[in-house]
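A quick write-up on the structure given underneath.
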Amino acid sequence: MTPSTTWKVGPLAAASGLTVRTLHHWDTIGLLSPSQRTAGGHREYTEDDLVRLYQVLALRGLGLGLDTIAVCLDTGVDPERLVRDHLASVEASITALDVLRQRLVRLGDRLAGDQPPTANVLLEALQAIGAAGPEGEHTLRRHLDADRIQTLRLRAAALGPAVHYLLEVEWPELYRRADRLRTAGTPPTDPKIRRLVARMDELSAMFSGGDADIANGVRDAWHDDPAAMSGDPAAPADDWRELSAYLDTVRRQGA
C-alpha cells in the first residue's frame, strides 16, 4: 500500500502562496492544524489538511474573517453552499435594485413634469429603499433614529457576502456558546466567556462603526423584543434577558 503524501510547512507555504508564519499562526489559533508530526516534532500536513486549507482560502477570498471561517467550517458549512448563497444574495440585490430603479424613474418623471408625486408613488419608493421594514426594524426604530438605522444598513451592505454568515452563522453560534457557559455557571471572569464577548463586541463594531449609541440601541432592542429581533416568535425573552445581563457583567468586570 502506497503511503499517503504529506507536506512540511515550508513547501506547503510556498505552494499555497502563504508564509510559514501564517501557517504557524493558523495552527496556533486552531484554524488549520497539521494532522501529523514527525518524530522531531515538525509539522506534517496530510491531504485532508490540504482540503481544509483550500476551504479556508476559498472562504477568505469571499471576504470572511478568520473567526468566521473557523465557525463556518466547524459547523459544517461547505464552500459550495457559500458560493450558492452568495450568488443568490447578489441576484436578490440585483432584483431589488432594479425595482428601486423603476420606482425612482417613475418618481423622477413626475417631478420633471412638474407633477407632484402621488402617495402611491412615494410609498413605493420608500418601500424600495427599506423605510418600511419587518418587525425587527420596527423594534429598532424605538431605540435608533433613521440616520443610525441607515448607517447599519450601509455598513451591512459594505460587508458583502460575509454579512450572511456573520449574522446567521457566527453571531448565533457565539450566543449559543455564551449561553452554555452561563447555564454551566461559568464566572464572568473566565477567559472563555471573555473571549466570546470580545468577539461579539468586535462584530458589533463592524456594523455600528464604533458608534456606542448604535451598539447600545441594538442591544436595547434585543432586550425589548428578542422575538422580533431574531425573527423567531418563540424566542424566550426571559432567557435572552438573563444572558444579556450575564454578558453585561462580563463586560463590566473585563473593563
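Inside region 26-51, residues that are surrounded by 13 or more Cβ atoms within 10 Å (Cβ to Cβ), part of a helix (DSSP H, G or I) and of a type in the set (Asp, Glu) make up a count of 2. The C-beta contact set for region 4-25 (first residue within 12 Å of residue 49 (Cα to Cα), second residue outside any helix (DSSP H, G or I) and among the basic types (Lys, Arg), distance under 7 angstrom, 6+ apart or interchain) comprises 8/43; 9/43. The condition of being surrounded by 13 or more Cβ atoms within 10 Å (Cβ to Cβ), at pLDDT 80 or above, within 18 Å of the chain's Cα centre (by Cα) and hydroxyl-bearing (Ser, Thr, Tyr) holds for only one of 244, 204, 230, that being 204.
The values are calculated or read from the model by the stated rules, or taken from the named source; none is laboratory data. Since the model is a prediction, treat every value here as computed from it, not as a measurement. Heads up, the Cβs are rebuilt from the backbone with ideal geometry, glycines too, and the neighbour counts pull from every protein chain shown.
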